[in-house]
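Worksheet: the structure to be examined is printed underneath.
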Amino acid sequence: MRSDKWIVETKRADFNALAETFGISPVLARIIRNRDVVGEDAVDAYLHPEADKLPDPRLMKDMEKAADLLLKKINEKVLIRVIGDYDIDGISASYILFTALTRLGARVDVDIPERIRDGYGVNVRMIEEAKAAGVDTILTCDNGISAGKALTEAKRFGMTVIVTDHHEVPFDETGEILPPADAIVDPKLRDCPYPFKGLCGGAVAFKLVQTLYGKRGLPEEELEPFWEFAALATVGDVMELKGENRILVKQGLARMKRTRNRGLSHLIDVNGIHRERLSAYHLAYIIGPCLNAGGRLETAKQSLKLLLSESEEEAEELALNLKVLNERRKGMTTAGEREAIAQIEESSLKNDKILIPFLPDCHESLAGIIAGRLRERYNRPVIVLTRSREGLKGSGRSVACYSMFEELQVCKDLFLDFGGHPMAAGLSLQEENLEAFRRRLNEACRLTGEDFRRTIRIDVPMPIHCISEKFVEELELLEPCGNGNPKPVFAEAHFALLGAWVIGKNGNVLKLRVENRERCRMDAIYYGDIEEFFVFLTEEFGPEEVEKLKAGQKNAIDVAFIYYPEINEYRGQRSLQISIRQYCRIQDPVL
């Protein structure tokens, strides 16, 4: 942590003028500018992400063609099969299309691949099963753009094929490689004129439903139940919360607070989420992982069944089951992470630039999560390998300065299969090639020590005595926050620590009483590694000072914090506090 590089954002604008124009504080204007929102029109769109600002879905290539085909098939009463994916985006997209088509009178069912057995997306086995079931039309969602082999089989069987997807289109030196389909709806198509390219699969499905309902002359109110699932898919698939995505999530969250979906309602309740405080955070870290847990450890059809529940009893039971399954997943993930850390720290792996731990007994669906956690801990590329029936499977997560997919090319002769993009990749190889893979990938790595320093960008160096409840409430205007629109980062140097207490049901929260140089005192909460924090204090200030801190005595500890201001509500009382995101000894040159 102490080697992290702190940088204060210095993007320029007339913050006072923006503040006056939009009735916000200059600090908030500065934060918005730091999100690369430039110009009054852009600021207005950012502050007011209204539903009527969405682009017309018919601008998307093949959108009207796909809608007309589906309406024709509905009139013909033939069987339509929606084929989704096993993650939260695919589950949400499948729910949206199945529910909307059912409302329109379609004969429709859903199939979702099994993660371990099938892998990602539609495959030949699923097409053969659809043919045997008498399916006339295949409608993909959140997959299909790269499923040429499976969809060729569908066309050979005489099926109508409609692809809705959001992934990158495969290409070679001749151009795009498109699957055989009667309509392909994907904003990433090179000649698609749709103005926003960053939609997820669930959002593309939502746009298709907008078009279908428009052609049937149904009122806008009929779309209300689908907004929340477009939002859930957008956050769950870690799309950038900019432009249209910001509108979808803002509007979807507002509707989700009063959702009529039994399954989603019970999932919110069993996780103890206060409806009025529901945010993108809850979608990303609580609701989403519960829905994903089915696809990771058992079957994603459990999660879809929850969303389609028609009785309160069934919905409650399924919600509880998914919560328990997610708790199990979290325990398995933590165990895998600890095993990987021990493997790295207790071997020569800790000297590698690319960390490649091998967890033979780890569930392969958890490798990517563990790789992401290790990447955050060590700030270097990580590939976690697990044992599978075919050999070893790996899931990688990278850092900004290392294009993982490109760098893996140096070892492609060792792989049974691999694919990915700059920040993440998947691969498989025989176990006897493990050491050669580690050695060759590290030998080819050109990263230096400076590349391993994490850069933390600070929005505003703000002393805590400048925080007010009004300002904290104003920060709600920045929501929804997440990928592409992070929560703002504040910082102050020279905090004295007056006391420290470990709290929380599991003893995993640290509460501090802090004081800055202006004698302003405030509570601070830290949700990170408490043991690591005290090791840092001991190394920097000595064990005697740490013991004084724990005893609530005056001590010589002097630290800098990156933080986020909050309002703590307890037993009807409100007070300001800060949530600590990062710490170090001093940052005078920066702050």
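The values are calculated or read from the model by the stated rules, or taken from the named source; none is laboratory data. This structure is a prediction, so every number in the text was calculated from the model and none was measured. Here the Cβ positions follow ideal geometry from the backbone for every residue, glycine too, while neighbour counts run over all protein chains shown. Remember, those area values only see protein heavy atoms, side chains included, never the ligands or the DNA or RNA. Shrake-Rupley method; radii C 1.70, N 1.55, O 1.52, S 1.80 Å.
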message: Out of Ala284, Ala231, Ala254, I need the residue that is small (Gly, Ala, Ser), touching a strand residue (DSSP E or B) at 6+ places or on another chain (Cβ under 9 Å) and part of a helix (DSSP H, G or I). Which one?
response: Ala284
- prompt: When the residues of the range 458-496 are filtered to those that are under 21 Å from the mean Cα position of the chain (by Cα) and among the small types (Gly, Ala, Ser), which remaining residue is farthest from Pro565 (Cα to Cα)?
  reply: Gly484
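So is Leu267 in a loop (DSSP other than H, G, I, E, B) and out of contact with any Lys or Arg (no Cβ under 7 Å at 6 or more places or on another chain) or not?
Answer is no for this residue.
Every residue in the range 517-552 that is outside any loop (DSSP other than H, G, I, E, B), within 22 Å of His465 (Cα to Cα) and charged (D, E, K, R), please.
Let us first name the residues in the range 517-552 that are outside any loop (DSSP other than H, G, I, E, B), namely 521-526, 530-541, 543-550.
Now narrow it down to the ones that are within 22 Å of His465 (Cα to Cα): 521-526.
Residues satisfying the conditions are Arg521, Asp523.
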- prompt: Only one residue in Phe533, Phe561, Phe541, Phe495 is under 16 Å from Ile456 (Cα atoms) and either crowded, with 16+ Cβ neighbours inside 10 Å or acidic (Asp, Glu) (or both), so which one is that?
  reply: Phe561
task: Pick out the one residue from Ile557, Ile567, Ile562 that is touching a residue at least 60 places away in the same chain (Cβ under 8 Å) and either assigned to a loop (DSSP other than H, G, I, E, B) or among the small types (Gly, Ala, Ser) (or both).
output: Ile557
Residues satisfying the stated conditions in the range 342-351, i.e. surrounded by fewer than 19 Cβ atoms within 10 Å (Cβ to Cβ) and either of a type in the set (Val, Ile, Thr) or in contact with a helix residue (DSSP H, G or I) (Cβ under 7 Å, 6 or more places away or on another chain) (or both): Gln343, Leu349, Lys350
message: Quick check on this structure: which one of Glu435, Glu443 is acidic (Asp, Glu), more than 29 Å from the chain's Cα centre (by Cα), closer than 15 Å to Gly394 by Cα and open to solvent by 70 Å² or more (accessible area, probe 1.4 Å)?
response: Glu435
Number of the condition not met by Ile503 [criteria: (1) among the hydrophobic types (A, V, I, L, M, F, W, C); (2) modelled with pLDDT under 95; (3) out of contact with any Lys or Arg (no Cβ under 7 Å at 6 or more places or on another chain)]: (3)
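For (1) of a type in the set (S, T, N, Q); (2) more than 17 Å from Ile88 (Cα to Cα); (3) surrounded by fewer than 17 Cβ atoms within 10 Å (Cβ to Cβ), each residue gets a yes or a no:
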| position | (1), (2), (3) |
| --- | --- |
| Asn261 | yes, no, no |
| Leu297 | no, no, no |
| Leu307 | no, no, no |
| Ala315 | no, yes, no |
| Ala319 | no, no, no |
| Leu325 | no, no, no |
| Leu359 | no, yes, no |
| Cys362 | no, yes, no |
| Ala367 | no, yes, no |
statement: Met126 vs (1) crowded, with 18+ Cβ neighbours inside 10 Å; (2) under 29 Å from Phe196 (Cα atoms); (3) not β-branched (Val, Ile, Thr): all pass except (2)
task: Kindly indicate which of Phe534, Phe495 is within 26 Å of Arg30 (Cα to Cα) and touching a helix residue (DSSP H, G or I) at 6+ places or on another chain (Cβ under 9 Å).
output: Phe495
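Being out of contact with any Asp or Glu (no Cβ under 6 Å at 6 or more places or on another chain), within 19 Å of Val489 (Cα to Cα) and either part of a helix (DSSP H, G or I) or touching a residue at least 60 places away in the same chain (Cβ under 8 Å) (or both): is that true of Arg30 here?
Working: out of contact with any Asp or Glu (no Cβ under 6 Å at 6 or more places or on another chain): yes; within 19 Å of Val489 (Cα to Cα): yes; either part of a helix (DSSP H, G or I) or touching a residue at least 60 places away in the same chain (Cβ under 8 Å) (or both): yes.
When the stated conditions are applied, Arg30 passes them.
Yes or no: the range 152-170 includes at least one residue that is modelled with pLDDT under 95 and more than 30 Å from the chain's Cα centre (by Cα).
Going through the range 152-170, the residues modelled with pLDDT under 95 turn out to be 166-170.
Of the ones still in play, those that are also more than 30 Å from the chain's Cα centre (by Cα) are none.
Within the range 152-170 (the criterion being modelled with pLDDT under 95 and more than 30 Å from the chain's Cα centre (by Cα)), the answer is no, since none of the residues qualifies.
When you scan the range 90-107, do you find a residue that is more than 24 Å from Gly214 (Cβ to Cβ), in contact with a helix residue (DSSP H, G or I) (Cβ under 9 Å, 6 or more places away or on another chain), surrounded by fewer than 24 Cβ atoms within 10 Å (Cβ to Cβ) and not basic (Lys, Arg), even just one? Spell out the reasoning first.
Kept after step one, since they are more than 24 Å from Gly214 (Cβ to Cβ), are these residues of the range 90-107: 90-91.
Then keep just the ones that are in contact with a helix residue (DSSP H, G or I) (Cβ under 9 Å, 6 or more places away or on another chain); that gives 90-91.
Now narrow it down to the ones that are surrounded by fewer than 24 Cβ atoms within 10 Å (Cβ to Cβ): none.
Taking every residue of the range 90-107 in turn, none turns out to be more than 24 Å from Gly214 (Cβ to Cβ), in contact with a helix residue (DSSP H, G or I) (Cβ under 9 Å, 6 or more places away or on another chain), surrounded by fewer than 24 Cβ atoms within 10 Å (Cβ to Cβ) and not basic (Lys, Arg).
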query: Would you pick out the residues in the range 495-509 that are without any contact (Cβ under 8 Å) to a residue 24 or more places away in the chain and of a type outside the set (Gly, Ala, Ser)?
result: Trp501, Ile503, Lys505, Asn506, Asn508, Val509
- line: Within the range 275-295, of all residues that are open to solvent by 10 Å² or more (accessible area, probe 1.4 Å) and touching a residue at least 60 places away in the same chain (Cβ under 8 Å), the one farthest from the chain's Cα centre (by Cα) is Ser279
